[in-house]
Every structure is written in C-alpha cells, then in structure tokens.
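Where a number appears in this text, it was derived from the coordinates with a stated rule and is not lab data. These numbers were taken from a predicted model, which means no experiment stands behind them. Neighbour counts run over all protein chains shown; Cβ positions are idealised from the backbone, glycine included.
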Amino acid sequence: MLTLTVLYDPECGLCRRAHDWLAEQPKLIDLVFVPCASDEARKRFPMLNHDLTKEDLTVVRYDGAVYFGPKAWLMVLWSLARYRDWSYRLASPELLPTTKKVVSAISQNRYQISRVIGS
Amino acid sequence: MTTTYTYLIYLAISVALTIWVARTLHKNGRVFLVDVFHGNEALADSVNHLLVVGFYLINFGYVSLALKLGYLVNNAQEGIEALSVKVGMVLIVLGGMHFFNLFIFSRMRRRKSHHDNRPPIRPDTFTAVKQEA
C-alpha cells in the first residue's frame, strides 16, 4: 500500500486543526497520522531519531524515505489531489527558499499561533 | 439602401474573421490536444473538431444577434462608423473566445500532469520501516 506516515505533534492545536482539514481532502496517496515520538512511531520506525521528529513535522514514505520540516509539508501537499500542482510549484528552485522560510516560521511558532486562534 | 450595404459588409467581414480565427485554432490547437491525449490522434482530432464547432456556433450566433443597427445609414461615413463599432465588438468577442479556448487547452494539459507520480523534492534520509504484521 502506497502511504505517507505523518509524524505530528499531538500537543499543538494548529497541528490538530491541520489534521482535521487534511482528513477531508481528496487524496492521491493515503496519509497515516502517528503522534511523534509515541510508542506507535517507535514501533514503526525503530531506527529513526525520534527526538528530531519532535522539533518539526516529519513524513516517512512507504519505502522509508524521510522528509523533515518544509519538505514534509511539501510531501503532504503532494498527497492531495487538489494541491499536487502546488507542491511542484512551491518546490521549484525559485520558490523553495521562501517556502522553507515561511514553513519554518509557522512551525517554530506553532504553540503561539495555536493560542491566538484559540485551539 | 446604404444600410443594407453596411449590413452586408458587416456580415462579410465578421464571417471571414470568424473562419480565420477558427482555422488558426483548429490548426494550432491540434498539437496541444495530441499531447494531452497521450498521442491518441483520433481522439485529439475529434475533440478539436468539436471545439471548433462550438466556436463557430457561439460566434455566428453573436454576429447574427448583433446585426441590427437601429438607425438608418445615410452616407459612406456613417456606414464606416457603424461598421467600426460592430466589427470591433465581433473582434473583442472573438478574442475572448480565443483566450477561453487557450484556457481550456492549458487546463487539459495541467490535468494531464496529475498523472505525474514523481515526488516534488528529494528525501533528507532513509530509515528502516517495520512492516505491519
């Protein structure tokens, strides 16, 4: 089965909202959500550095390819039928630096953003 | 009498323009469609033909509806002025239709790129995956 495993931070409200939104989107590849650094995550990926996955969103492809941070976000976009085009656009050499900056900024401030949006 | 001549000239110009634009679309749109349909030329030709039929119907429909001037043309100057307005409108409608067609072509091409399964970016690293029992 071709899936992407998304290791997300269960303590962040923004991430839970993102999860709810993703659940409704039509997908080209199935997404499996596993809380980062959980027993489930350690069982699935025994060799992965789980402390690192707490820092930022991590996506693991069915064949073991690991994507951290902004790359993980791009892979999640790529799995969605409506946004696959955008994943290529945002990953293009012209836009990739901006994508990385924006995604990192959101990711590092996720708890503050969660507080502001009240979840 | 001058009004009738104005109508006839308007029809001649509009019909000629429509045929010219339709042929240009037909000739140059084919390459796009063959690409969209993965080299299936029979299907591309069929869709191309259907698009051109729709193009003709809409444009001739507009030309026909916009024919009536609502006043009498007394001399050549008034005739040319009336023609400039009418033909100008036909040109703008043709231009709009032309861009609409281009939009459809580009959309079809984009939809094709969805079959692209290449990930957008290289992974950072690889890890062992424990297969679920």
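When both bridge partners sit in chain A, DSSP labels roughly 55% of those beta bridges antiparallel.
Taken about its Cα centre, chain B carries a charge dipole of about 320 debye when Lys and Arg each add +1 at the Cβ and Asp and Glu each add -1 at the Cβ. Net charge dipole, chain A: roughly 200 debye, given to the nearest 20, about the Cα centre with Cβ charges of +1 for Lys and Arg and -1 for Asp and Glu. Of all lysines in the structure, the ones whose alpha carbon falls short of 24 Å from that of B:LYS68, not counting any fewer than 8 places away in one chain, are B:LYS86. Once R0 is set to 25 Å, what does the formula 1/(1 + (r/R0)^6) return for the Cβ-Cβ distance between A:LYS27 and A:GLU55, expressed as a FRET efficiency to the nearest 0.05? Result of the calculation: an efficiency of 0.45. For the protein assembly as shown, the dipole from Cβ point charges (+1 on Lys and Arg, -1 on Asp and Glu) about the Cα centre works out to 100 debye, to the nearest 20.
Counting, for every residue in B:24-32, the Cβ atoms of other protein chains within 10 Å of its Cβ and taking the mean gives 0. Note on A:SER104/B:ARG109: beta-carbon distance plugged into 1/(1 + (r/R0)^6) with R0 of 30 Å gives a FRET efficiency of 0.35. Across the options B:VAL93, B:GLN77, B:SER64, the greatest Cα extent toward the positive end of the charge dipole of the range B:49-131 (unit charges at beta carbon of Lys, Arg, Asp, Glu) belongs to B:VAL93. Annotation: peptides A:27-36, A:101-110, ranked by per-residue average of other Cβ atoms within 10 Å with the highest first, follow the order A:27-36, A:101-110. Shielding value for A:61-67 is 5, the average number of Cβ atoms from other chains within 10 Å of each residue's Cβ. Averaged over peptide A:48-56, the number of partner chain Cβ atoms lying within 10 Å of each residue's Cβ comes to 1. For A:LYS43, the lysines whose Cα falls under 20 Å of its own Cα, not counting residues fewer than eight places away in the same chain, are A:LYS54, B:LYS130. Between A:GLU94 and B:ASN74, the FRET efficiency estimated from the beta carbon spacing at R0 = 45 angstrom works out to 0.15.
List the pairs from A:LYS27/A:LYS100; A:LYS71/A:LYS101; A:LYS27/A:LYS101 whose alpha-carbon separation is above 18 Å, in the order I gave them. Check vs 18 Å cut-off fails for A:LYS27/A:LYS100; A:LYS27/A:LYS101. Pull out a ≥ b ≥ c, the square roots of the eigenvalues of the alpha-carbon gyration tensor of chain A, then state rounded if a/c is under 1.5, prolate if not and a/b is larger than b/c, and oblate in the remaining case. Rounded shape, in that the Cα axes give a/c under 1.5.
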